[in-house]
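The values are calculated or read from the model by the stated rules, or taken from the named source; none is laboratory data. Worth saying up front: this structure is predicted, and the values here are computed from it rather than measured. Here the Cβ positions follow ideal geometry from the backbone for every residue, glycine too, while neighbour counts run over all protein chains shown. Only protein heavy atoms, including side chains, enter the accessible area calculation; ligands, DNA and RNA are left aside. Shrake-Rupley method; radii C 1.70, N 1.55, O 1.52, S 1.80 Å.
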Amino acid sequence: MQFRDQISFVGQHIKKNKMRVFMTVLAATMGTAFLIVLASVGFGLHETIRGEVLSNRLVTQIEVFSSEMHEEKVAELKKRDHVKAVVFRQNIGTEQQSSIGNFTGNNPLIVTDFIEEEKANFELQEGRLPEKANEVIVGSNFAEYLMNQQDENKDGEFTTYDGKLIGEQFIYQVGDNEGELIEDEMMLTIVGIGKKPAKDWEQDQKIYADASIIPELEKIYYTHVDKPADDHSDAQQLFYGNVNVYADKLENVKAISTALKDDGYSVYSISDELDQLDVFFLALKAGLVFVGTIAILISSIGIFNTMTMAVTERTREIGVMKAIGADPKLIQRLFLMESAWIGIVGTVLAVVISYGVSIVSNYVLPIIVTAALGEEDFGDMTVTFSVIPWQLVVIASTISIGVAMISGWRPARKATKIDVINALRQEL
Amino acid sequence: MISVRNLNHSFKIGKKGKEKRVPVLKGLTFDVPEGEIVSIIGKSGSGKSTLLHIMAGFLTPESGEISVQGIQTSSFNEVESAKFRLDHFGFVFQNFQLMPGLTAFENVELPLTLKGISKSERQKKVKDLMQSVGLTDVQDHYPNELSGGQQQRVSIARALITDPPIIFADEPTGSLDSETEQDVLLLIQSLNKTRGITFVIITHDDEVAQTADRVYRMHDGILTEGGVQHAI
Ligand SMILES: Nc1ncnc2c1ncn2[C@@H]1O[C@H](COP(=O)(O)OP(=O)(O)OP(=O)(O)O)[C@@H](O)[C@H]1O
Ligand SMILES: [Mg+2]
């Protein structure tokens with residue numbers, strides 16, 4: 001029998017029992033749609049949380065920890081594949097103080113390489129990069145951390161510096177190893193202001209200086225503190241460095257950070273966090289798919305019943321077909337095709353319905369939740385409740401059509417076992 | 001054409017544990033020559049249908065051998081037997097056994113569809129045959145819209161459509177009145193003459209048996225040849 005004839009044969013039988021087949025398809029649709037919508041919540045939450053994680057940070061950043069970091073290592077890191085920039089920032093390990101007039105603050109000074117910083121998206125809001133040893137850039141919140149401890153405003157808080165910054169000079173002092181400020185001062189000139197951090201809650205009060213400042217600062221420090229006997233006792237060192245490696249693309253973060261780990265570095269990147277997150281959500285999604293599969297299994301009872309009835313009703317016809325010379329395998333295939341048809345139509349409808357439910361719930365649920373929680377709680381977080389990726393469609397379709405065919409299997413086997421003589425004896 | 005050798009069959013009857021074997025066919029040996037109409041006549045319950053079922057491959061005999069056109073058919077499995085039927089046999093039943101969901105035309109078409117013949121070829125063959133057995137007027141009727149005689153014509157057409165060398169008919173006129181019975185018997189005779197098809201007709205009616213070239217009588221599971229007869 002040609003395939004198209006098989007199709008039209010099955011089609012005729014389905015048409016003859018429209019109502020019964022419709023109800024069975026409906027059950028299959030509901031089961032499959034339930035699975036898809038349920039699992040889509042897992043995918044939606046995963047996407048939401050992932051989006052949060054990615055938006056809070058420079059995603060291509062890899063923090064590298066090493067007991068001793070120096071220029072040679074940094075140069076080696078820069079040569080690695082897919083590394084866009086290596087920012088070697090040196091922090092000061094002791095007390096420090098900046099002051100303009102009566103305003104003082106403990107803003108930390110950082111020595112860095114501005115060329116690499118710019119490659120890693122460091123931008124100025126105003127001014128220019130330092131050109132001399134005593135020129136610095138300050139973070140956008142620098143002034144807010146300079147306070148006048150003799151002057152309170154009406155709320156009882158100290159007033160903060162609100163004068164101009166670019167071109168201003170300020171006094172910068174470091175502390176000794178006991179935390180006492182060293183009296184020798186450095187006069188630093190502000191030549192630029194860094195861009196505001198992307199997130200509202202992030203503050204940048206730091207002072208950025210070029211490496212050319214190091215000799216002067218070390219001179220001040222080591223006239224008061226003994227120089228460390230060997231380079232390993234970092235307790236008395238003035239500077240300690242940390243390195244951030246920036247990958248060119250998020251996809252390459254993982255490769256770079258594994259390579260670094262293999263070379264003995266301690267590394268932290270977003271991919272570590274995402275890995276954990278992905279494992280958690282994989283388990284969640286699997287659980288949801290499992291629960292959804294139970295709904296499909298329940299709907300499969302309907303398919304089993306429908307097909308068993310179809311076989312029983314058509315016993316005589318099957319007997320005639322076998323008498324004429326139809327291959328038992330053909331008869332089995334015709335019934336399997338019928339149950340597969342139910343599964344396929346149910347699945348297609350379920351996919352369409354699920355996308356509809358998903359779109360509507362993504363539109364309606366945030367409105368409801370926002371109303372319930374109040375605007376602020378929800379404000380800047382974009383929550384996706386339901387996402388249906390093609391993988392979910394494939395998984396759900398496979399389960400649904402597979403279960404439909406399995407439940408049609410026994411009735412189809414029963415059809416092939418029908419005894420011709422008994423079937424022909426049946427009355428019309 | 002068909003040769004049956006020492007065929008035995010018995011049925012198990014009774015409840016489990018207390019089954020009895022009831023012999024139905026006892027060592028039958030006979031031949032159905034090519035191109036003849038052979039009838040098997042016997043009382044109800046004498047085992048005629050059982051014999052036909054075994055010859056057609058619906059039932060595996062207990063012992064004995066059957067060959068059709070020199071091919072040993074008694075050792076076939078279910079699939080081989082089905083394939084052989086599709087290519088070599090046509091069937092006509094007492095209660096017609098048409099597919100209720102198919103029109104007369106589609107019922108006749110069914111064996112060709114099963115054989116995997118293309119739609120256009122099927123349409124042409126069925127149309128020609130419907131014309132030659134006088135069914136063109138009712139070709140779009142469903143079986144429940146046809147008279148008994150028309151239904152039996154459709155079922156004969158269905159048996160003929162694959163051009164089988166042999167057609168088995170179990171009480172082909174059993175459900176028909178005597179006038180329609182004559183029509184059907186004449187159709188069988190003319191098909192036998194014009195197409196050379198071998199018929200095996202089972203009946204309990206002497207009049208029907210008279211139309212055959214050869215008559216076998218079935219009695220108590222034993223078959224005796226009733227001689228070659230010639231109808232007028
Ligand atoms: N499946 C079966 N199980 C047990 N006994 C059976 C079975 N089929 C037939 N028989 C018995 O075999 C015998 C022959 O039956 P069969 O149908 O061949 O008779 P028949 O000659 O065709 O009769 P009729 O003219 O009434 O159709 C009967 O006695 C019947 O009871
Ligand atoms: Mg009988």
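The table below gives the values:
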{"read-out": "Unique match (being more than 16 Å from ligand 1 (Cβ to nearest atom), assigned to a loop (DSSP other than H, G, I, E, B) and under 19 Å from the mean Cα position of the chain (by Cα)) among B:LEU114, B:LEU98, B:LEU59", "value": "B:LEU98"}
{"read-out": "Residue within the stretch A:248-261 that is open to solvent by less than 60 Å² (accessible area, probe 1.4 Å) and either at pLDDT 95 or above or in contact with a Phe, Trp or Tyr (Cβ under 6 Å, 6 or more places away or on another chain) (or both) present", "value": "no"}
{"read-out": "Qualifying residue in the stretch A:11-27 (condition: away from chain B (no Cβ under 14 Å) and not hydrophobic (A, V, I, L, M, F, W, C))", "value": "yes"}
{"read-out": "Pairs with Cβ under 6 Å, 6+ apart, first in the stretch A:168-193 and at negative phi, second modelled with pLDDT under 85 and charged (D, E, K, R)", "value": "A:ILE182/A:ASP176"}
{"read-out": "Filter pass, B:LEU51 being open to solvent by less than 20 Å² (accessible area, probe 1.4 Å) and within 14 Å of chain A (Cβ to nearest Cβ)", "value": "yes"}
{"read-out": "Among (1) within 16 Å of ligand 2 (Cβ to nearest atom); (2) of a type in the set (Lys, Arg); (3) in contact with a helix residue (DSSP H, G or I) (Cβ under 8 Å, 6 or more places away or on another chain) - the single one B:LYS115 does not satisfy", "value": "(1)"}
{"read-out": "Some residue of the stretch B:2-13 being more than 10 Å from ligand 1 (Cβ to nearest atom), open to solvent by 70 Å² or more (accessible area, probe 1.4 Å) and in contact with a helix residue (DSSP H, G or I) (Cβ under 8 Å, 6 or more places away or on another chain)", "value": "no"}
{"read-out": "Residue match in the stretch B:63-75 (condition: more than 27 Å from A:GLY11 (Cβ to Cβ), free of Cβ contacts under 8 Å to residues at least 60 places away in the same chain and within 16 Å of ligand 2 (Cβ to nearest atom))", "value": "no"}
{"read-out": "Residue match in the stretch B:150-161 (condition: in a helix (DSSP H, G or I) and farther than 23 Å from B:LEU186 by Cα)", "value": "no"}
{"read-out": "Condition check for B:SER46: touching a residue at least 60 places away in the same chain (Cβ under 8 Å), near ligand 1 (Cβ under 10 Å from one of its atoms) and either open to solvent by 40 Å² or more (accessible area, probe 1.4 Å) or within 21 Å of the chain's Cα centre (by Cα) (or both)", "value": "yes"}
{"read-out": "Residues satisfying the stated conditions in the stretch A:94-128, i.e. in contact with a helix residue (DSSP H, G or I) (Cβ under 8 Å, 6 or more places away or on another chain) and open to solvent by 50 Å² or more (accessible area, probe 1.4 Å)", "value": "A:ASN106, A:ASP113"}
{"read-out": "Residue match in the stretch B:157-165 (condition: among the charged types (D, E, K, R) and surrounded by fewer than 16 Cβ atoms within 10 Å (Cβ to Cβ))", "value": "yes"}
{"read-out": "Residue in the stretch A:268-276 that is open to solvent by less than 70 Å² (accessible area, probe 1.4 Å), over 18 Å from A:LEU54 (Cβ atoms) and polar (S, T, N, Q) present", "value": "no"}
{"read-out": "Residue in the stretch B:198-217 that is farthest from ligand 2 (Cβ to nearest atom), counting only those that are farther than 18 Å from B:PRO33 by Cα and surrounded by 19 or more Cβ atoms within 10 Å (Cβ to Cβ)", "value": "B:VAL208"}
{"read-out": "Qualifying residue in the stretch B:175-187 (condition: in contact with a strand residue (DSSP E or B) (Cβ under 6 Å, 6 or more places away or on another chain), open to solvent by less than 10 Å² (accessible area, probe 1.4 Å) and more than 16 Å from ligand 1 (Cβ to nearest atom))", "value": "no"}
{"read-out": "Pairs, first hydroxyl-bearing (Ser, Thr, Tyr) in the stretch B:89-104, second more than 16 Å from ligand 1 (Cβ to nearest atom), C-beta under 6 Å, six or more apart", "value": "B:THR103/B:ASP140; B:THR103/B:TYR142"}
{"read-out": "Test: A:VAL64 is in contact with a strand residue (DSSP E or B) (Cβ under 8 Å, 6 or more places away or on another chain), more than 14 Å from chain B (Cβ to nearest Cβ) and modelled with pLDDT under 90", "value": "yes"}
{"read-out": "Test result for B:ILE40, more than 13 Å from every other protein chain (Cβ to nearest Cβ) and in contact (Cβ under 8 Å) with a residue 40 or more places away in the chain", "value": "yes"}
{"read-out": "In the stretch A:1-20, residue farthest from A:ASN305 (Cα to Cα) [restricted to those that are open to solvent by 50 Å² or more (accessible area, probe 1.4 Å) and not aliphatic (A, V, I, L, M)]", "value": "A:GLN2"}
{"read-out": "Test: residue in the stretch A:190-210 that is in contact with a Ser or Thr (Cβ under 7 Å, 6 or more places away or on another chain), charged (D, E, K, R) and open to solvent by less than 30 Å² (accessible area, probe 1.4 Å)", "value": "yes"}
{"read-out": "Filter result for B:SER67 (more than 14 Å from chain A (Cβ to nearest Cβ) and more than 16 Å from ligand 1 (Cβ to nearest atom))", "value": "yes"}
{"read-out": "From the options B:GLU80, B:GLU65, residue that is open to solvent by 10 Å² or more (accessible area, probe 1.4 Å), outside any helix (DSSP H, G or I) and acidic (Asp, Glu)", "value": "B:GLU65"}
{"read-out": "The stretch B:164-180: number of residues that are more than 14 Å from the chain's Cα centre (by Cα) and among the acidic types (Asp, Glu)", "value": "2"}
{"read-out": "Complete set of residues in the stretch A:79-90 that are closer than 19 Å to A:SER257 by Cα and either among the polar types (S, T, N, Q) or open to solvent by 80 Å² or more (accessible area, probe 1.4 Å) (or both)", "value": "A:LYS79, A:ASP81, A:HIS82, A:LYS84"}
{"read-out": "Single residue of the stretch B:83-95 satisfying the filter (buried (at least 20 other Cβ atoms within 10 Å of the Cβ) and among the aromatic types (Phe, Trp, Tyr)) that is nearest to ligand 1 (Cβ to nearest atom)", "value": "B:PHE93"}
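Okay, residues lined up against (1) modelled with pLDDT of 90 or more; (2) closer than 30 Å to A:SER257 by Cβ; (3) of a type outside the set (Gly, Ala, Ser):
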{"residue": "A:VAL74", "(1), (2), (3)": "no, yes, yes"}
{"residue": "A:ILE92", "(1), (2), (3)": "no, yes, yes"}
{"residue": "A:ILE110", "(1), (2), (3)": "yes, yes, yes"}
{"residue": "A:GLU116", "(1), (2), (3)": "no, yes, yes"}
{"residue": "A:GLY163", "(1), (2), (3)": "no, no, no"}
